[in-house]
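A.B. asks: Can you read through this structure? Questions will come right after.
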Amino acid sequence: MEQQNKPHRQSKKSKDKKKQHSGQPNPKAFAFSNPGRLAKQAARSHDIKEKRLHVPQVDRLPDEPPPRLVTIVGPPGVGKTTLLKSLIRRYAKETMSDPVGPITVVTSKKQRLTFIECPNELEAMVDIAKVADIVLLMIDGNFGFEMETMEFLNVLAATGMPGNVFGILTHLDLFRKPQALKDAKKRLKHRLWNELYQGAHLFYLSGVLNGRYPDREIHNLSRFLSVMKNPRPLVWRNSHPYTVIDNYRDITHPTKIEEDENCDRSIELSGYLRGTNFAAEGQRIHIAGLGDFTIANMEALPDPCPTPSMEQALAKATGKTGRRRLDEKDKKLWAPMADRSGLKITGDHIVITRENGFAFDKDAEGVERGEGEQLIVDLQGERKLLGYSDKGVKLFASGQELTKVPEEADSGRKARRKARFAAGDEPDEDEIPDDEGFESGEEDEEGSDAEEDEFDVSKLGKMFRKQQDKDQPEDDLAFADSDSDLGSLSGDEDEELDSDEDEEDVDMEDLGSDEEAGALKWKDSMFERASKLHGKRRPFRAVDLARFMYDTTLSPREALQKWRCEDDEEEEEDIEQDEDDTFFRKTGEDEKEDLTEDRSIPRFDYDDLAAKWSSEDAVEALRTRFATANLVDEEGGDGEDDDFSGLDEEDEDDEGDGAFEDLETGETHGGEGDEDEEEGESEEPPEASLEAEREKNARRKEELKLRFEEEDREGFKNDKAIARREGGGDDEFGEDDWYDAQKALLQKQLDINKAEFEELDERQRTAVEGFKAGKYGKIVLEGVPAEFVKNFSAKRPIIVGGLSATEDRFGFVQVRIKKHRWHKRILKTGDPLIFSLGWRRFQSLPIYSISDSRTRNRMLKYTPEHMHCFGTFYGPLIAPNTSFTAFQSFSSSNPGFRIAATGTVLSVDESTEIVKKLKLTGTPYKIFKNTAFIKDMFNTALEIAKFEGAAIKTVSGVRGQIKRALSKPDGHFRATFEDKILLSDIVFLRAWYPIKPHRFYNPATNLIGWQSMRSTGEIRRAEDLATPQLKDSQYRKIERQERHFNPLRVPKKLAAELPFKSQIVQTKKQKKETYMQKRAVVVSGEERKARDLMQKLTTIRKEQVAKRRAKKEEKRQEYRKKVADIEERLENREKKEKQAYWEREGKKRRAGDSGGGGGKRRR
């Protein structure tokens, strides 16, 4: 049997099976398997992209930035000083015994770090939080987070969290079990993440070896500090100049201090300038804890701790390969306040330090000392005048000590001296010049006997020795052997000139030959002649021109003459025309070279200039620079319309018949020529004239537009607009390109400013730009209280912050404030509060308020819980959106969390609008239907007139309105209500009373001693005064009589007409007796006896139970007393154990006898 198979399916051709590829992507091949996951990934990628986008800020970081400020913060005994010593040892290879004050070290080729240890004072924490770039937060791993740490973190969050906050766990060597150490690390790490951000860095320092932490752990920490990038600058620091002082000196004159110990001092502060630029003159500053000052003098000093980047650049330019790491000589250290051995030159003075100080005994006699040791001994003595001792005055070591000044009968001049003249040269009395006001002119003309004996004609000047000089041969010259042979330039000469003419013939053997006497005076008046020849100003200096131009006391002609030094040439006098003077004079060629070198404006050839400006093309090119230029032709417009001359052409509707001539173009407008033109235009066809008029108007509009854009500061021809276009400002950007374009635009403007400033010399640039950030500046302040010098401590940081013009004014500041959730007490209106706002810390009296439906600010007596409110106080005017923190007290003895509130500034204003609710009460004494007469609310009719139409209300809620005052009883008025009121009702009037904050500003000057204003409660507690109890303010029990109302009586007729559902149903009283009333129970004799017996038994039983309970209660009392004794003994035992534990563990928590150091090494 043949097998029958299913016939095969016919095969299709491949071209029929496959579709032609259309070139589009296959949607099935690129489909998403999980759309939900896709949405999450897209949202996350978008969030990551948006996180890097901030409002573009101007990068004010200079080319040579100041050192980054690294702050070490923590409670006492946590290891701050040990960490600072370890870091200094790591960077500078130097061990410091007592590191105090800011310490700057070089960490890389272009980076420096300034370490500063924050003391355990809330004032110092608040100040440091405003300037810190990097925070090293020290945490005791064995104890956990302490109150000081949490306070500092909250201050940081309020004033501006820096980009880099690192946690450092110490005392980890006290854990005995590895598991306990691991759990503690995990717990503290997550707690730190909750306070900062997820993933915050936490370093671990296991123990102390040789007074320092292990080198490997310090190396890991230092690597993090060295490779960090610059974080985004905070708004406050990016808009204010400030500096952290690392050097301090009292430069008050010693005589002032000797006269008055408490006189105001002049001090000199030095430090790296940060933030924006300090003004060259008149910069207002605030020193935190000291007050506001104006900088008396400021200058930039050489950088005491420079980076080797400049040396690297020089090596690269010369072709030498740069180093990849710092050499030992480049590991520099700058710590002027710290204890370092050796000699340091800080600016313009010298600091000498020694390991254990200088302990020479200055009173010891017969001790051999070197010259340096003797100098130190003299410096150690009390402040005395030069050469003064207890026995007398000795100016020279070989001289004798003077104990008293001998009195001389005739000493010194008694009248003015007169000039002497040689014989035959004595001028007339009229020719004798008057005294020019020098001090020497008031001395006595009579010299001493010694002066008369030493006088000689040969000792006079050249004009008296001309005849003697002629007799000497020219080749016979004499010079002085030494400078001492030259004699005095002024004093001896004056004394010699004062001698009489009759005593000129003196023997020359005492002084030597005539030649030697002439050689002694070859430098007579050298200083005066040199100053006359070389001391004059050089002309054509750009620095002088800028100063003369803005001098309002000079006219333009005088300023130009001073710039050319023409006035100096006119006033210059020929003193001595002698051939020897040419030795000190400049030749004409030298003077020309100096003028050319100093002259910033080149000299022009005026013939070439005249030839240049005689060309018509040059004049036309210059014409476009003026306001009357035709900008349309300049922009490429066609110049077919010769009649159109810009804005100068008269309109046809102008009502003017006077002809005038354009002085720039030379064209004449108006008059007969214009009339002819108008006649010619009128003959043209109307269509052509209409087209010409339209074209003329269009050209006029275009020129107006171009002129407006040229004059506009953001126009097309403005430099800023050109820079914006070149930077791509006018292009259309995508979503990601616009942000980069804005940053590029800001950077371009910075480059333009930098290029402009670089064209100025150093003096002009400082005057215009100020002292740049990154420089090491010296600030001189005058009028500083003496307490600052007496109480100065290098451990406290000194922050100098620059003030803007607005911040120097005072007024009412409105803020949004919220009580801190960890502060135990709510804040009361009118209680003093310490604000840390801007650079300042001050005390003021805030008034809290809240907005009622955005219509008024209603005063609050207390701050609300877990809610913001408004606060208004008197203080410096700070820009809105500035954050602040508030404290009730800085004292460390305050229990609990010391930060009372935080908030931001909303607005600053000289006036405030805060109202307080005021309730006036009255009672009705006569009632009509809806009208009543009210009394006891006002006193006079004038008060009622002010409140006519005001809304009133009764206690029961009936509303009403004040109408008019009554004529007879003064203070009574008529009021209408919406319903009839009762005589027992009390009528209320709700009014609003304006409140003004007190103008109280008390700066917190803790550096010179400060007493804060105390609240009323603190004064009462300190003085042990009882709180006064007002009778009206006391709470008392309210007793109200119960009111009985008559029952509702509805007329029968009305009740019958009510619908069925509303009918009143009343139950009638039942007249028939009930079943129980009908059947009364009568007890028989036996039953009565049984009931009596049961009652007696029950009474006996109750008495037994009561006795039994009383006995048990007595036993219970004994037991309770025994248990109480056991608990008391147990409590005393626990208390002793707890006290012993804290005595044992509390050594590290003592408030820094060693300046916050770590104390002994833990084992």
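A.B. asks: Which FRET efficiency value, to the nearest 0.05, do you get for Arg854 and Asp737 by plugging their Cβ-Cβ distance into 1/(1 + (r/R0)^6) with R0 = 41 Å?
C.D. replies: Given R0 = 41 Å and the Cβ-Cβ separation, E is 0.50.
A.B. asks: Ordering Leu554, Leu69 by how much accessible area each has at a 1.4 Å probe, largest first, what is the list?
C.D. replies: Numbers: Leu554 40, Leu69 0 Å².
Greatest to least solvent exposure: Leu554, Leu69.
A.B. asks: So how far apart, in nm, are the two label points at Gln179 and Glu1023 if each is 7 Å from Cα heading toward Cβ?
C.D. replies: 6.2 nm
A.B. asks: Check Thr107: other-chain or 5+ apart residues with amide H under 5 Å from its amide H, H built from backbone geometry?
C.D. replies: Arg112, Leu113
A.B. asks: Restrict the search to segment 147-240; then list the trypsin sites (Lys or Arg not before Pro) that DSSP places in a loop and that have at most 11 other Cβ atoms within 10 Å of their Cβ.
C.D. replies: On the way: sites: Arg176, Lys182, Lys185, Lys186, Arg187, Lys189, Arg191, Arg212, Arg216, Arg223, Lys229, Arg237; in loops: Arg176, Lys229.
Of the trypsin sites (Lys or Arg not before Pro), the ones in loops of segment 147-240 whose Cβ has at most 11 other Cβ atoms within 10 Å are Arg176, Lys229.
A.B. asks: Further, regarding this structure: Take the residue pairs Lys861/Lys953; Lys980/Lys1053; Lys916/Lys968; Lys93/Lys754 and return only those whose Cα atoms are more than 29 Å apart.
C.D. replies: Lys916/Lys968; Lys93/Lys754
A.B. asks: Past the 21 angstrom mark, what percentage of all C-alpha to C-alpha distances in segment 974-1074 do you count?
C.D. replies: Values: 3936 of 5050 pairs.
Result: 78 percent of Cα pairs exceed 21 Å.
A.B. asks: Additional query: Stokes-Einstein at 37 °C, 0.692 mPa s, Kirkwood radius from Cα pairs: D for segment 112-158 in µm² s⁻¹?
C.D. replies: Working: Rh = 11.5 Å.
Stokes-Einstein gives a translational diffusion coefficient of 284 µm²/s.
A.B. asks: Could you calculate the FRET efficiency of Arg216 with Tyr1141 from 1/(1 + (r/R0)^6), where r is the beta carbon distance between them and R0 is 41 Å, rounded to 0.05?
C.D. replies: 0.75
A.B. asks: Scan around Gly207 for amide H atoms under 5 Å from its own, H built in the peptide plane at 1.01 Å from N, and keep only partners 5 or more places away or cross-chain.
C.D. replies: HN-HN under 5 Å from Gly207: empty list.
A.B. asks: Would you mind computing, in nm to one decimal, how far apart the modelled labels at Lys705 and Leu1030 are, each placed 7 Å from Cα along Cα→Cβ?
C.D. replies: Here the answer is 7.3 nm between the modelled labels.
A.B. asks: Now, a different point. Points 7 angstrom from Cα along the Cβ direction at Asn939 and Ser956: gap in nanometres?
C.D. replies: Computed distance between label sites Asn939 and Ser956 equals 3.2 nm.
A.B. asks: Ordering Asp617, Asp127 from largest to smallest accessible area (1.4 angstrom probe), what's the sequence?
C.D. replies: Output order, biggest surface exposure first: Asp617, Asp127.
A.B. asks: Hand me the GluC sites (Glu not before Pro) from segment 892-960 located in a DSSP loop with no more than 11 other Cβ atoms within 10 Å, in residue order please. Intermediate results must be reported in sequence, preceding the final value.
C.D. replies: Values: sites: Glu910, Glu913, Glu943, Glu948; in loops: Glu910, Glu913, Glu948.
Those that pass, being in a loop and sparsely packed, are Glu910.
A.B. asks: What list of ³J(HN,Hα) values in whole Hz, one per residue of segment 1128-1139 in order, does the Karplus curve 6.51 cos²θ - 1.76 cosθ + 1.60 (θ = phi - 60°) give from phi, with Gly and Pro shown as x?
C.D. replies: Each residue's phi maps through the Karplus curve to give 5, 4, 5, 5, 4, 5, 5, 4, 5, 4, 5, 5 Hz.
A.B. asks: Shifting gears a bit: Longer than 30 Å from Cα to Cα, which of Lys818/Lys1037; Lys819/Lys996; Lys332/Lys748; Lys917/Lys1037 are they? Say none if no pair is.
C.D. replies: Lys818/Lys1037; Lys332/Lys748
A.B. asks: Mind checking Rg over Rh on segment 47-115, alpha carbons, Kirkwood formula for Rh?
C.D. replies: Here the Rg-to-Rh quotient is 1.14.
A.B. asks: Let me ask you something else. Starting from the Cα-Cα distance between Thr1099 and Tyr606, subtract it from 0.36 nm times their residue separation and give me the gain in nm to one decimal.
C.D. replies: 163.2 nm
A.B. asks: Going by amide H atoms built from the backbone, whose H comes under 5 Å of the H on Ile914, apart from near neighbours?
C.D. replies: Sorted by chain and number, the residues that satisfy this are Ile995.
A.B. asks: Moving on to the next point. Could you pull the accessible area for Tyr993 with a 1.4 Å probe, rounded to 10 Å²?
C.D. replies: 130 Å²
A.B. asks: Could I get the Rg over Rh figure for segment 1067-1126? Both from C-alpha atoms, Rh via Kirkwood, rounded to two places.
C.D. replies: Rounded to two decimals, Rg/Rh equals 1.48.
A.B. asks: How would Glu1128, Glu759 rank on accessible area, largest to smallest, probe 1.4 Å?
C.D. replies: Glu759, Glu1128
A.B. asks: Find the all-direction average of the projected area of the Cα convex hull for segment 876-984, expressing the result in square nanometres with one decimal place. The partial results should precede the final answer.
C.D. replies: Numbers: hull surface 51.0 nm².
With every direction weighted equally, the projected area is 12.7 nm².
A.B. asks: Starting from the Cα-Cα distance between Lys754 and Thr403, subtract it from 0.36 nm times their residue separation and give me the gain in nm to one decimal.
C.D. replies: Difference between extended and current length: 119.8 nm.
A.B. asks: Among the chymotrypsin sites (Phe, Trp or Tyr not before Pro) in segment 964-1047, which ones are in a DSSP loop with at most 12 other Cβ atoms within 10 Å of the Cβ? Mind listing them?
C.D. replies: Tyr1035, Phe1045
The values are calculated or read from the model by the stated rules, or taken from the named source; none is laboratory data. Just so we're clear, the structure is a prediction, and the values are computed from it rather than from any experiment. In this analysis, Cβ positions are derived from the backbone assuming ideal geometry, glycine residues included, and neighbour counts consider all displayed protein chains. Protein only, heavy atoms only, side chains kept; ligands, DNA and RNA dropped before computing areas. Shrake-Rupley method; radii C 1.70, N 1.55, O 1.52, S 1.80 Å.
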